[in-house]
Each structure stands twice: as structure tokens, then as C-alpha cells.
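Comments concern the structure below.
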Amino acid sequence: MDQHAIVVGASRGIGGALVRALLDRVEITQVFGASRDPMASPELLAVHRGNPSRFQPVQLDVTDEKSIRRAVEEVRERTDRIHLLLVTAGILHGEGIAPEKRLEAVDPAALQRSFAVNSIGPLLIGKHFWRLLRHHDRAVFGSLSARVRSIGDNRAGGWYGYRASKAAQNMVMKTLSIELGRRAPNLICVSLHPGTVETHLSAPFGQGTPADKRFSPDLAARQLLTVIDRLGPEDSGAFIGWDGQPIPW
Ligand SMILES: NC(=O)c1ccc[n+]([C@@H]2O[C@H](COP(=O)([O-])OP(=O)(O)OC[C@H]3O[C@@H](n4cnc5c(N)ncnc54)[C@H](OP(=O)(O)O)[C@@H]3O)[C@@H](O)[C@H]2O)c1
């Protein structure tokens, strides 16, 4: 079947690996890879060189609604339907942002940035892309969340901005699943936990996780696509782990 996919947050890490894994699938006609500056990403440049006709880089910042609108128009010039939309854009640390170990480290500007990317970002993507996901075929809108966002499972504390913005992201996806369930009945909306994956995002923190519980981005991408392949309408609104198991809120 002629299928189109877009990964938002494709320049590296899990998003970059998802782009490669999707291009390995014969049923996928076209993959769009979006990030703030896709052609500055060595990973995406290599993908583009290897697949000039099936891979399309798209410039988009999830915190900039105008850029999202522009990206939708760009995608529309090439297709009127998307079968898989994955939001992998997310931040844990960066300029002025670090996971807070204690209350004194809480910084309103860093919190606002975390919420802008991690929670409001997927909502704006849903707001502007959902029409491309409304068609007669099955479609999936997945957003990468994190197990540490669980309120019930929060025993260690700390990481206020990341935990809270990812918890908000889960609420965004659940709420989208209800509204879009009415407006795009073939669309499945899910939050997905990829496991601990060796990427730029996890590099400063992953050492506490045993080596056999840390995945390479390519393995994580394959595992996520296996989970996505098995999703049915009853899964819309769920939070699901890399092993296909539902994760309690
Ligand atoms: N790695 C893990 O162990 C782990 C565990 C649980 C959940 N997750 C989640 O999985 C997702 C992917 O993480 P990762 O480990 O692959 O991280 P990563 O390697 O740091 O990649 C993050 C991606 O997000 C994009 N991005 C950041 N800000 C953006 C913005 N404003 N607009 C558009 N794109 C933006 C980056 O692109 P540019 O900066 O080039 O724009 C990059 O492509 C995140 O949501 C993360 O929270 C990861």
C-alpha cells in the first residue's frame, strides 16, 4: 500500500533511527523528516543522499506555529494523506536547561521552554497536521513520552520540568485521542515510551541503567514500529511501552 510517514524531531537520536527504519519498509512510499534545521544534521544528510526521492527534509520548530503551518503546506504539495505521524521532538537538557535535582534549581524560563517543546509542541503538531491524518486508511499519531512522567510511580523526585511537561504531554495526547476519535475515526493517537535509549538526550544520565536495559536508537526504533504495527482502534488514548505493555498513568 502507498503509505506516507512523518517524523517530527528527526535530526538525531530515536527520530533519526525511525526515519531510517521507515525507509527500510517497502510499503512506505515517502518519509518526511522534520527538525529545526534538518539539512544541518549529518544523519539526515546521509539519509537524503541514500534516498533522494523517498526522503523529504522539512524545516519546523514545534514552538513556532508559523513554521508548523509552513511545514504542513510543504507536505501537502507532495501528499494529501499521512499514515504515520511520530513526534520525537523533546528536550531534557540544553542551553539554560538541566534536570532540577532540588527546588533551588527551579527556573521559570527553563520550565517554560520544557513545556513549550514537550507538551505544547505535540499539541500544535496535532492542531495543524490532523487533517492529513483523516482518510479512509488506518493512521497513527504517536508522541514519545517517558516513564518518568508517571505521577503514581514518582518515588525519586527531582526533574520537575521534564516530569511535569511529559505528564502534560500525556494529557494532551489523551485529550486529542477523544476529539480526533470523533473527527478522524481511523486515527489512533498514542503516547509511547521508548525505553532508555543511548542518545544525546540520555547521554549525561543513562549510566545508572544496566547496559542490557539500554537500547541503541536503531533497536528502539524497530521496537517502537513493532508496537505501532499492532495498535488497534481500542488503543487510542493509551500510554504504551516499547514492549507493547500499557503503562499506568
Ligand atoms: N533517550 C531516551 O532514553 C528517552 C527515554 C524516554 C523518552 N524519550 C523521549 O524520546 C524523544 C526523543 O528523544 P531522543 O533521546 O531521541 O533525543 P535527542 O537525540 O536529543 O533528539 C531530540 C530531537 O528533538 C528535536 N527537537 C528539539 N527541540 C525541537 C523543536 N523546538 N522543534 C523541532 N524539533 C526539536 C531535535 O532536533 P533539532 O534540535 O535538530 O531541532 C532532535 O531531532 C523525546 O521526546 C524524549 O523525551 C527518550
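Listed values, structure above:
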{"read-out": "Of the criteria (1) surrounded by 22 or more Cβ atoms within 10 Å (Cβ to Cβ); (2) more than 17 Å from the chain's Cα centre (by Cα); (3) β-branched (Val, Ile, Thr), which one Ile82 fails", "value": "(2)"}
{"read-out": "Scan of segment 124-156 for residues that are over 18 Å from Ile68 (Cα atoms), of a type in the set (Gly, Ala, Ser) and in contact (Cβ under 8 Å) with a residue 60 or more places away in the chain, ordered by number", "value": "Ser145, Ser150, Gly152"}
{"read-out": "Count of residues meeting criterion [charged (D, E, K, R) and in contact (Cβ under 8 Å) with a residue 12 or more places away in the chain] in segment 81-123", "value": "5"}
{"read-out": "Number of positions in segment 128-150 that are surrounded by fewer than 13 Cβ atoms within 10 Å (Cβ to Cβ) and within 16 Å of the ligand (Cβ to nearest atom)", "value": "0"}
{"read-out": "Residue within segment 3-23 that is within 19 Å of Gly121 (Cα to Cα), touching a strand residue (DSSP E or B) at 6+ places or on another chain (Cβ under 9 Å) and among the hydroxyl-bearing types (Ser, Thr, Tyr) present", "value": "yes"}
{"read-out": "Unmet requirement for Thr199, which otherwise passes all of (1) more than 8 Å from the ligand (Cβ to nearest atom); (2) within 16 Å of the chain's Cα centre (by Cα)", "value": "(1)"}
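Table: residues versus (1) touching a Lys or Arg at 6+ places or on another chain (Cβ under 8 Å); (2) crowded, with 21+ Cβ neighbours inside 10 Å; (3) not in a helix (DSSP H, G or I).
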{"position": "Thr175", "(1), (2), (3)": "no, no, no"}
{"position": "Ile178", "(1), (2), (3)": "no, no, no"}
{"position": "Gly181", "(1), (2), (3)": "no, no, no"}
{"position": "Val190", "(1), (2), (3)": "no, yes, yes"}
{"position": "His200", "(1), (2), (3)": "yes, no, yes"}
{"position": "Pro204", "(1), (2), (3)": "no, no, yes"}
{"position": "Gln207", "(1), (2), (3)": "no, no, no"}
{"position": "Asp212", "(1), (2), (3)": "no, no, no"}
{"position": "Asp218", "(1), (2), (3)": "yes, no, no"}
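Every number in this text was worked out from the coordinates using simple rules, so none of it is lab data. Worth saying up front: this structure is predicted, and the values here are computed from it rather than measured. We place every Cβ from the backbone using ideal geometry, glycine too, and count neighbours over all the protein chains shown.
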